[in-house]
Amino acid sequence: MTNLSNEAVISALRSLYSRYGYSRYKMNKFEEYDLYARNKDFLISDSVITFTDMDGKLMALKPDVTLSIVKNTRDEPGIRKLYYNENVYRVSKGSRCFKEIMQVGLEAIGEIDEYCIYEVLKLAAESLTCTGRSCILEISHLGLLSSAIRHAGIHQEEQKQIIRCIGEKNLHELQGICQELGVSQENIDLLRRLASLYGTPEEVLPMVKALLTGIADKEELARFLRIVDALNAGKYQELIRIDFSAVSDPQYYNGFVFKGFAQGVPAAMLSGGQYDSMMRTMKRQSGAVGFAVYLDILEQYSPSRAEYDVDTLLVYDEGCTIAEIEARAKQLTGSGESILLQRQIPPGIRYRQLVTMKKGGAE
């Protein structure tokens, strides 16, 4: 596959989301800092650029889009489907510096049904293909995982610690914490097996069903199986993996959670899920599901720049006429290759071929 530039990826994503009826959402560059202070755990980085407004209110350049969308939309009938491509301001992964980063993603907010969850997962998979790289979409379900944790008798205050161990696939620490909490070895083995699950739906779904039948909510488990089966039946079959270690903070997320990875990029370049829990935290009754594509991560691990800056460097003499230069330029660009016209060779320029023109059109 061919790696595409960020500009090409953004264009492809916008076109994709528009085709499915998602409306472009525009927002201000800043919000009140309190919005981010209260939801720091939801952010990729808790470092936020702040400033004091003219009326003395502490404001922040937005480090995230989802929180702003939730804050500025209302509970209403139906499903509101939105997409965005907005600059956010945060410390980029792998960097200690604030950067202005283009973030692209979508949100569905409202009466979220089974098809809507399927559609968002499908669009996440197709978003990965828009990068031009070989990709994988890892899917988990925080509700099913939480059911197994509760079944083991682990109280809510320890749940986050257990989910962290599962997210890290740290089975040794998971075993130790569970033993300290007095969890039976049978339930420890259940959690260890869930943490270790990874593979295609054909490989993993039968094991998920066997492990969680009688433990998880019957309808929740059936919905998970139906949605993943539907995804697996489509053209994204090669992209889908089930991985219960793909987790997120249960304070904000519930239900499906998922992460997208591209070949040659060690960090997740797409992340999303159902975040009804965050909606309740923000005094909202609607459901919500969405994801973001992190173009800064893609950019960090893009291959080095092209071998040449331009295909053809055309250097012309002072005596050449406009008509002569234009006629030669048209010939050279007829095949679609790039051309740079200069009076002399610029320092440091890398070109595939050099063409020189003298008065009268001679070369």
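A few notes on this one:
- Looking across the range 295-320 at every residue that is out of contact with any helix residue (DSSP H, G or I) (no Cβ under 6 Å at 6 or more places or on another chain), polar (S, T, N, Q) and surrounded by 12 or more Cβ atoms within 10 Å (Cβ to Cβ), the one that is modelled with the highest pLDDT is identified as GLN300.
- Residue count for the range 25-54, restricted to those that are within 19 Å of the chain's Cα centre (by Cα) and free of Cβ contacts under 8 Å to residues at least 40 places away in the same chain: 2.
- Out of LEU194, LEU171, one residue alone is surrounded by 14 or more Cβ atoms within 10 Å (Cβ to Cβ), under 26 Å from the mean Cα position of the chain (by Cα) and assigned by TED's automatic domain parsing to the domain that holds ASN232. It is LEU194.
- You will find that of ALA323, ALA292, the residue that is surrounded by fewer than 17 Cβ atoms within 10 Å (Cβ to Cβ) and among the hydrophobic types (A, V, I, L, M, F, W, C) is ALA323 and no other.
- Options GLN344, GLN331; residue that is modelled with pLDDT under 95, surrounded by fewer than 16 Cβ atoms within 10 Å (Cβ to Cβ) and part of a helix (DSSP H, G or I): GLN331
- The combined condition, being in the same structural domain as LYS235 (by TED's automatic domain parsing), in contact (Cβ under 8 Å) with a residue 60 or more places away in the chain and small (Gly, Ala, Ser), is fulfilled by SER146.
The values are calculated or read from the model by the stated rules, or taken from the named source; none is laboratory data. The model shown is predicted, which means the values in this text are computed figures rather than measured ones. Cβ sites come from the backbone with ideal geometry, for glycine too, and all protein chains shown count toward neighbours.
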